[in-house]
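Have a look at the structure below, then the notes.
The values are calculated or read from the model by the stated rules, or taken from the named source; none is laboratory data. Since we're looking at a predicted model, the values are computed, not measured. All Cβ positions, even for glycine, are placed from backbone atoms using ideal geometry, and neighbour counts span all protein chains on display. With ligands, DNA and RNA removed, areas are computed over all heavy atoms of the protein, side chains included. Shrake-Rupley method; radii C 1.70, N 1.55, O 1.52, S 1.80 Å.
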Amino acid sequence: MASAAFFDLDKTIIATSSTLALGRTFYDSGLISRGTVMKGAYARLTYHLGRVDEERMARLRDGMARMITGWDVEHVNEIVGEAFRDLIDPLVYDEAAVLIEEHQAAGRPVVIVSSSGEEVVGPIGELLGADHVIATRMAVVDGRYTGELEFYSFGPHKATAIRELAAERGWTLADCYAYSDSATDVPMLEAVGHPYAVNPDRGLRREAMARGWPVLRFRHPVPLRTRVGRSSRPVALGVAGAAVVAAAARWGYAHRSSSRVWSRRAG
């Protein structure tokens, strides 16, 4: 196909932050304190209410980066892999799943583009049958997270990664679709010919009204495993999205301009 459909993840495909939802798991495993869990709960509340500014999230991002430095990747994979599907699977919007199916039925590749970590976004993409994901990548040295970001899939960097993937695959961006809830994704939306604002925050709502972009309302989270009528196999995850990227989910700055695209290949 000469076109594709690009979907933001948090509050577009799923009804929460894919990474902030994992805070309790880390507390139960002894990786973080009760105080950190409370801070994460507050961050999650303000995230849902759209009351978080760039400065506050930048402070939270930096604090989380310091906290996870040195965490063992394999150990965290084991902890999060057991809890991930119970936390994320029930939060998928039925309306988003229908849209994804419609694009796939039309032969249009589906790409999830998220500022969350690739360890989190990749398995979600697999659950949804996405063809590719574009996500944030954390640096790892000797099997441990360094606290540094190699690529932050945020703002204009999402748009850059989309253009690169489209050029690689031969997609015509004027024929492509994009869906997001956040004003930070305006560069991604304006990169395609068919942009849609989904459950938009105030900034994106104003932008959509000014540009005449359609606004969609997704309101029905459902368990994906029951919706698609198949059981889900266990997956192993990392902490890239579950800590630092949770803090930086929608506000912050990219540390490098390089990007990495995860691709699911059939067969």
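Extension gain residue 126-residue 94, at 0.36 nm per residue separation less the Cα-Cα distance, in nm?
Additional length available on full extension: 9.9 nm.
What is the set of long-range amide H partners of residue 222 at a cut-off below 5 Å, with H atoms built 1.01 Å from backbone N?
92, 93, 94
How much FRET efficiency would the formula 1/(1 + (r/R0)^6) give for residue 217 and residue 142, where r is the Cβ-Cβ distance and R0 is 35 Å, rounded to 0.05?
Efficiency at R0 = 35 Å is approximately 0.15.
Under a 5 Å amide H to amide H cut-off, with H placed in plane at 1.01 Å, what residues pair with residue 108 once short-range neighbours are removed?
Sorted by chain and number, the residues that satisfy this come to none at all.
Leaving ligands and nucleic acids out of the surface, order 94, 175, 142 by accessible area at 1.4 Å, largest first.
142, 175, 94
Using modelled backbone amide H atoms (1.01 Å from N, in-plane), which distant-in-sequence or interchain residues come within less than 5 Å of residue 213's amide H?
Long-range HN contacts for residue 213: none found.
What distance in nm separates the simple spin-label points at residue 174 and residue 74, each placed 7 Å from Cα in the Cβ direction?
According to this spin-label approximation, the distance is 5.3 nm.
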